[in-house]
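Novice: Can you read through this structure? Questions will come right after.
The values are calculated or read from the model by the stated rules, or taken from the named source; none is laboratory data. In this text the structure is predicted, and so the values were computed from the model without any measurement. Methodologically, a virtual Cβ is constructed for each residue, glycine included, from the backbone with ideal geometry; neighbour enumeration extends over all protein chains shown. When the accessible area is computed, the model is the full protein with side chains, heavy atoms only, and any ligands, DNA or RNA have been set aside. Shrake-Rupley method; radii C 1.70, N 1.55, O 1.52, S 1.80 Å.
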Amino acid sequence: EPEVTQTPSHQVTQMGQEVILRCVPISNHLYFYWYRQILGQKVEFLVSFYNNEISEKSEIFDDQFSVERPDGSNFTLKIRSTKLEDSAMYFCASSEGLPKTAQETQYFGPGTRLLVL
Amino acid sequence: AQKVTQAQTEISVVEKEDVTLDCVYETRDTTYYLFWYKQPPSGELVFLIRRNSFDEQNEISGRYSWNFQKSTSSFNFTITASQVVDSAVYFCALSAYNTDKLIFGTGTRLQVFP
């Protein structure tokens, strides 16, 4: 069964460093997302991406964050200068399409646990 | 504004007990979808079910069942004859028309003891 994959599973970094989290969405999906979950808290939407551009972003997704689809399979989240409060589990998700219709199921990857020291 | 409330922070049951996880949602949209996801101790988010706002039929899948009631804005999840493998955090989520994001509740941690 197709699934979303994410690498790395864990990343430890120093405050101020740049990190890139990688995701391979399900192959026929057109819509991609990043969410984060601070330890013990709820899952929060960061950004959605469709047709090679950001479709929607939350207030969390400030200038420190960027997303990219560098090739036909990968989808990345870059944090330019990490802060302590960026420590969280980051989930990538994908869905088949039909943006902004509410009906698409988002399938999540296993997450990348980021720890900023 | 959209909101999902899962008032039960943590529930503990003994194996074979039935357990219901509550979910109450708020939205002004007439078209919306409701979801349940499971997060086992390994951390991934596993999709369980999707329901649209026009379909209030209850759904059963094995030991799992879902009760959607628009009159009370609730979408509750029942596990029948719980098993230790059901131990996880369960999230209810809402998506509304004209937005991409899923809005999650705070989750309910279910612990099933042998």
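Novice: With unit charges on the beta carbons (Lys and Arg positive, Asp and Glu negative) and the dipole taken about the Cα centre of the protein assembly as shown, which residue among A:9, B:62, A:115 sits farthest to the positive side?
Specialist: Checking the options against the dipole of the protein assembly as shown, the answer is A:115.
Novice: Taking the Cα centre of chain A as origin, sum charge times position over the Cβ atoms of Lys and Arg (+1) and Asp and Glu (-1), and report the length of that vector in debye to the nearest 20.
Specialist: 240 debye
Novice: Ok, one more. Relative contact order for chain B: what percent, with Cα pairs under 8 Å and sequence separation of 6 or more?
Specialist: Relative contact order, chain B: 38 percent.
Novice: Hey, how many Å between the Cα centroid of the stretch A:1-67 and the Cα centroid of the stretch B:72-114?
Specialist: That distance is 22 Å.
Novice: How much FRET efficiency would the formula 1/(1 + (r/R0)^6) give for residue A:85 and residue A:7, where r is the Cβ-Cβ distance and R0 is 25 Å, rounded to 0.05?
Specialist: Taking R0 as 25 Å, the efficiency between residue A:85 and residue A:7 is 0.60.
Novice: Output the residues of the stretch A:103-117 meeting this criterion: accessible area (heavy atoms, 1.4 Å probe) in the chain alone minus accessible area with all protein chains in place is 40 Å² or greater.
Specialist: Residues of the stretch A:103-117 that lose at least 40 Å² of accessible area once the other chains are added: A:103, A:105, A:106, A:108.
Novice: Can you tell me the FRET efficiency between residue A:60 and residue B:55 if r is taken as the Cβ-Cβ distance and R0 is 35 Å, rounded to the nearest 0.05?
Specialist: Once rounded, the FRET efficiency stands at 0.60.
Novice: Report which residues of the stretch B:41-67 become buried by 20 Å² or more of accessible surface when going from the isolated chain to the complete set of protein chains (1.4 Å probe; DNA, RNA and ligands ignored).
Specialist: Residues meeting the cut-off: B:43, B:44, B:45, B:47, B:50.
Novice: About its Cα centre, how strong a charge dipole does the protein assembly as shown have in debye, to the nearest 20, once Lys and Arg get +1 and Asp and Glu get -1 at the Cβ?
Specialist: 180 debye
Novice: Reported to two decimal places, what Rg/Rh ratio describes chain A when computed on Cα atoms with Rh from the Kirkwood expression?
Specialist: Result: Rg/Rh = 0.94.
Novice: For labels at residue B:73 and residue B:1 in the simple 7 Å Cα→Cβ model, what's the distance in nm?
Specialist: 1.2 nm
Novice: Across the residues of B:89-102, average count of Cβ atoms on other protein chains within 10 Å?
Specialist: That average works out to 6.
Novice: Computed on alpha carbon atoms, what radius of gyration and Dmax characterise the stretch A:23-78, expressed in Å?
Specialist: 11.6, 34
Novice: Sort out the exposed loop GluC sites (Glu not before Pro) in chain A (DSSP loop, at most 12 other Cβ within 10 Å) and tell me the longest stretch that has none.
Specialist: Segment A:60-117 is the longest.
Novice: For the stretch A:25-117, with every protein chain kept in place, what is the accessible area per residue (1.4 Å probe, Å²)?
Specialist: Result: 45 Å² of accessible area for each residue.
Novice: What is the spread of the Cα atoms of chain B along each of their three principal axes, largest first, in whole Å?
Specialist: 44, 27, 21 Å, listed from the longest principal axis down.
Novice: Ranked highest first by the average count of other Cβ atoms within 10 Å around their residues, in what order do A:28-36, B:49-57, B:35-43, B:100-108 fall?
Specialist: B:100-108, A:28-36, B:35-43, B:49-57
Novice: When averaged across all projection directions, what area in nm² does the alpha-carbon convex hull of the protein assembly as shown cover?
Specialist: Mean shadow area of the hull around the Cα atoms is 12.7 nm².
Novice: When DSSP beta bridges are limited to those with both residues in chain B, what percentage is antiparallel, rounded to the nearest 5?
Specialist: Counting only bridges with both partners in chain B, antiparallel ones make up about 90 percent.
Novice: While we're on this one: Taking springs between alpha-carbon atoms closer than 10 angstrom, which of A:72, A:40, A:97 fluctuates most in the Gaussian network model of chain A?
Specialist: The residue with the greatest mean-square fluctuation here is A:40.
Novice: Can I get the semi-axes of the stretch B:1-66's equivalent ellipsoid? Compute them from the C-alpha gyration tensor as square roots of 5 times the eigenvalues, in angstrom, largest first.
Specialist: 23, 15, 13
Novice: Another one. Kindly report the accessible area of chain B per residue (heavy atoms of protein chains, probe 1.4 Å, no ligands, DNA or RNA), in Å².
Specialist: I get 48 Å² per residue for chain B.
Novice: Buried accessible area between A and B (1.4 Å probe, both chains summed, ligands and nucleic acids excluded), in Å² to the nearest 100?
Specialist: It comes to approximately 1900 Å² buried between A and B.
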